[in-house]
Every structure is written in C-alpha cells, then in structure tokens.
C-alpha cells in the first residue's frame, strides 16, 4: 500500500497549478544521530512522476539535497475541470507514495 | 492444432496474470523505475563532475532561465527555489547547489502538458550559488544566483 501524498490543484485559465507535499525524512546519510553518534542511513525519495489523466507530464529524479517533507509545485497546461492529476513517488528503500486529485 | 490452442491459452492467461500483478502493485514498479535514477550524477562530489554526469557540461549562460531564491536563507535545510524557463523547447530543468556534498539536487523532465516551471525547497550546506541548468532543443543553458546561508542544512 502506497503512502499518501498531499495534493492541491487550482485551475486558472486552462493552467492547473499543482502543489504537492510528501511526508518524508529525506535523510542524507551524512548526519549523525546525536544519541548514538552513528550515521543515520540515507533515506530519500529519488523518483517522482506527475500525470494528467493517467498520462505522465513530469518525471523527476531527486537526490539528498531536497528538503525534508518535500514540497513541489508544477503548472500543467491544457487542463480542464474534471481532469485527474496524480503523483507517484518512490524512495531509495522502495517505499511507494501516491496521491490524486480532481480539478474542479 | 489442439496443441497450438493449448499453448495460446496458457500464454494468454500468463499475460493476464502479469497485468493483474502490475495493477495491484504486486510487482514493484518502483524498483524497475529505480534503474532510471542517475546514481553517478547524484553522488558526484563536485559541481563539474555533477554537471558532466547529468549531461549539462558546457552549458551557456542564459538570462531566460528565471530563478527565484532568497538572498539570505536563515535555515540552509529549507531554501525555497522557483525556476521558470523561457527558453523555447525546454525539456528538463536541473537544480544544483554548488557547495553541497553532492551538488546535484534534482532534475525535472517536462513532457507535453507540463510547463517548464518548478518550485521546491532544497538543502544548502553553506553560502554558495544555486545553479539551474536547462536542456532545450539539444542544447544546454545555465543561470545562477548566490544565496547567503546563515545556518547550513547538510549536517555532518
């Protein structure tokens, strides 16, 4: 079961402004746990895909430099009310994330 | 003839099963996609290497890449970055934080239906330049802006 992605989309003159928020630690693998003095293993989202009505419109690759609880905003053209925007992501440990919203 | 029919039926049901497995997420599509992650570029330790491995080496400066970053970031762990490319035919945007342990932060590929725009938040180890490179029409372009970081965001 994929973890949820928070999404909000607003339609303005045929352009959909999509705001995406994913709850994720985005651990770099370079930070030490202050309690144990051991490195916290890298744990970060590395692939993100956004789709409009099931057709991919944006594909991203991320490294460790994206902030914790990643925020992403996109603008999609040719969108209309009733269209479905979905986002899926996967991290370096294989955990999957998915979210979906319908334009109104 | 009868034998062929049997083989055809078995194959068909196998395909249907495979489709079902993909649909239910039983086969980990994420793992298959992970092969697309450019590990060499994302683990490169300096700017030149990161640019070369992600295919942005030799990018020409362009003011048509609009870059919105704060002049001063109090917290290097969360630096807002907004990029709009006005270069016709932009297919991808890559964000680099020059002095990070791994300078390449992210690469966004835009397919028909998405505008060459992205807004996100990145980590910056220290005061340095945010460099944004764009691929358009088989050529590469770059623009940069410096951000003063008062508290670094990469730890270590």
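Quick notes on this structure:
- Sorted by Cβ neighbour density within 10 Å, fewest at the top, the residues B:110, A:44: A:44, B:110
- Whole-number percent relative contact order across the range B:38-149, with pairs defined as alpha carbons under 8 Å at least 6 apart: 33
- The convex hull defined by the C-alpha atoms of the range A:3-102 has an orientation-averaged projected area of 6.5 nm².
- Label-to-label distance, nm, for residues given as residue B:127 and residue A:6 (7 Å Cα→Cβ offset): 3.4
- Nearest-0.05 FRET efficiency for residue B:46 and residue B:66, computed from C-beta distance (R0 30 Å): 0.70
- Rg and Dmax of the range B:38-149, Cα atoms only, in Å: 13.0, 37
- Note on the range B:66-85 and the range B:88-118: Cα centroid distance 14 Å, given to the nearest whole angstrom.
- Value of relative contact order over chain A, rounded to a whole percent, pairs C-alpha under 8 Å and six or more apart: 35
Bear in mind these aren't lab numbers, they're just calculated from the coordinates by the rules spelled out. Keep in mind that what you see is a predicted model, and the values were worked out from it rather than measured. When we count neighbours, we look across all protein chains shown, and the Cβ atoms used for this are built from the backbone with ideal geometry, even at glycine.
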